[in-house]
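Q: Handing you this structure, nothing more for now.
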Amino acid sequence: MTTASPSPRALDWNVGCYELTAVQLMPAARVVVDRARLMPGEHVLDVGCGSGNAALLAAERGARVTGVDPAIRLLEVARAQAAVRGLDARFLEGEAASLPLEDGTADVVMSVFGVIFAPDACAATAEMARVAGPRGRILLTAWLPGGPVCEAALAAHETTTRVLGSPQGPAPFAWHERESLKSVFGPLGWAVTLEEHSLAFTAASARKYLDAEFQHHPLWRAACEVLEPRGELETFHRRLVAILEKGNEDPSAFRGTSRYVVAVCRRAPTGSSGG
């Protein structure tokens, strides 16, 4: 996880086994699907669907689902799950800034920690608004700063950026802030409300949590590929374990709570400023 898009130089989400990491995010997917208040037969678009957490939950509730993601391998995982469970869901390769759907064809557009990785927030929000129907709603989640898992992810990004000598560039879009969301959705005629939730990451220990992330998550795999040839991986690993242990909430194991927002967007009444 991370608080925002780590860089326009996108991660390769086909690397590792993100579907195992995604299991940890299932509670947030349930929150979003519950909040969407789906009606049977509604068409749901899941942007950045990954291995299908939210998409498959929506399909279980009787929705017709389309999941879109650039990671071909994760789409295959989602398709296999849909087939095994007999769910009405299709999964298409695509980017948030160029969604493969016609205008106004989705009753609900959702994105659970997916669209926050889009390099161009304006393009992504414009596309979500374009495909949403006249009475559609858009729901997305974004991490709030704070908590040991967030701090470790930010340390990973900062370290790899330093080692690669990459320019910092503009600040990432603040998907977790109402004013930022209002700045992109408001001109499109959408009003935004935010709800705060929390999610706990757990493991037998901080070290075991980190080792699993290093094995499965594309962010951590990318950090390993950069740091290991330079002989910096062991030091980096110790630093992250220290961050996680400092913020650990469970003295007998590991528990780190991260806060996130659910943004619910609806078309603003005529004459409204969209806020």
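Q: Go through the residues of segment 248-261 one by one and say whether even a single one is of a type outside the set (D, E, K, R) and under 30 Å from Gly133 (Cα atoms).
A: yes
Q: Could you tell me whether any residue of segment 153-175 is of a type in the set (Val, Ile, Thr) and touching a Gly at 6+ places or on another chain (Cβ under 6 Å)?
A: From segment 153-175, those of a type in the set (Val, Ile, Thr) are 159-161, 163; that's our starting set.
Next, only the ones that are touching a Gly at 6+ places or on another chain (Cβ under 6 Å) stay: none.
No: zero hits.
Q: Can you name every residue in segment 97-111 that is in contact with a Gly (Cβ under 8 Å, 6 or more places away or on another chain) and either in a strand (DSSP E or B) or closer than 24 Å to Val15 by Cα (or both)?
A: Pro100, Ala106, Asp107, Val108, Val109, Ser111
Q: Restricting attention to segment 215-241, and to residues there that are without any contact (Cβ under 8 Å) to a residue 12 or more places away in the chain and surrounded by fewer than 14 Cβ atoms within 10 Å (Cβ to Cβ), which single residue is nearest to Leu74 (Cα to Cα)?
A: Glu225
Q: A further question on this structure: Could you please let me know if Leu45 is surrounded by 24 or more Cβ atoms within 10 Å (Cβ to Cβ), hydrophobic (A, V, I, L, M, F, W, C) and outside any loop (DSSP other than H, G, I, E, B)?
A: So Leu45 passes the test.
Q: Just to be sure I understand, how many residues within segment 81-122 are without any contact (Cβ under 8 Å) to a residue 60 or more places away in the chain and among the hydroxyl-bearing types (Ser, Thr, Tyr)?
A: 1
Q: One residue is enough: does segment 20-39 have a residue meeting the conditions touching a helix residue (DSSP H, G or I) at 6+ places or on another chain (Cβ under 6 Å), outside any loop (DSSP other than H, G, I, E, B) and either without any contact (Cβ under 8 Å) to a residue 24 or more places away in the chain or among the hydroxyl-bearing types (Ser, Thr, Tyr) (or both)?
A: yes
Q: Here is a further query. Give me a count of the residues in segment 201-214 that are surrounded by 14 or more Cβ atoms within 10 Å (Cβ to Cβ) and in a strand (DSSP E or B). Let's see the steps before the verdict.
A: Filtering segment 201-214 for residues surrounded by 14 or more Cβ atoms within 10 Å (Cβ to Cβ) gives 201, 203, 205-207, 209-214.
Remaining after also requiring in a strand (DSSP E or B): 201, 203.
Adding up the residues that qualify gives 2.
Q: Can you find, within segment 48-96, the residue that is surrounded by the most Cβ atoms within 10 Å (Cβ to Cβ) among those that are of a type in the set (Asp, Glu) and more than 16 Å from Leu11 (Cα to Cα)?
A: For segment 48-96, the residue satisfying everything is Glu60.
Residues checked against (1) closer than 22 Å to Leu144 by Cβ; (2) touching a Cys at 6+ places or on another chain (Cβ under 6 Å); (3) modelled with pLDDT of 95 or more; (4) hydrophobic (A, V, I, L, M, F, W, C):
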{"position": "Glu19", "(1), (2), (3), (4)": "no, no, no, no"}
{"position": "Val32", "(1), (2), (3), (4)": "yes, no, yes, yes"}
{"position": "Arg37", "(1), (2), (3), (4)": "no, no, yes, no"}
{"position": "Asp69", "(1), (2), (3), (4)": "no, yes, yes, no"}
{"position": "Ile72", "(1), (2), (3), (4)": "no, no, yes, yes"}
{"position": "Val84", "(1), (2), (3), (4)": "no, no, yes, yes"}
{"position": "Leu101", "(1), (2), (3), (4)": "no, no, yes, yes"}
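Q: Moving on to the next point. Criterion first (farther than 30 Å from Gly231 by Cα and surrounded by fewer than 16 Cβ atoms within 10 Å (Cβ to Cβ)) does Arg162 satisfy it?
A: no
Q: Please work out if Arg135 is charged (D, E, K, R), at pLDDT below 95 and either out of contact with any Leu (no Cβ under 7 Å at 6 or more places or on another chain) or in a helix (DSSP H, G or I) (or both).
A: yes
Q: Check Thr141, Thr125 and return the single one that is part of a strand (DSSP E or B) and either buried (at least 22 other Cβ atoms within 10 Å of the Cβ) or free of Cβ contacts under 8 Å to residues at least 24 places away in the same chain (or both).
A: Selected residue: Thr141, the only one of Thr141, Thr125 that is part of a strand (DSSP E or B) and either buried (at least 22 other Cβ atoms within 10 Å of the Cβ) or free of Cβ contacts under 8 Å to residues at least 24 places away in the same chain (or both).
Q: Out of the residues in segment 180-200 that are over 16 Å from the mean Cα position of the chain (by Cα) and in a helix (DSSP H, G or I), which is surrounded by the fewest Cβ atoms within 10 Å (Cβ to Cβ)?
A: Per the stated criteria, the residue is Pro187.
The values are calculated or read from the model by the stated rules, or taken from the named source; none is laboratory data. This structure is a prediction, so every number in the text was calculated from the model and none was measured. Cβ sites come from the backbone with ideal geometry, for glycine too, and all protein chains shown count toward neighbours.
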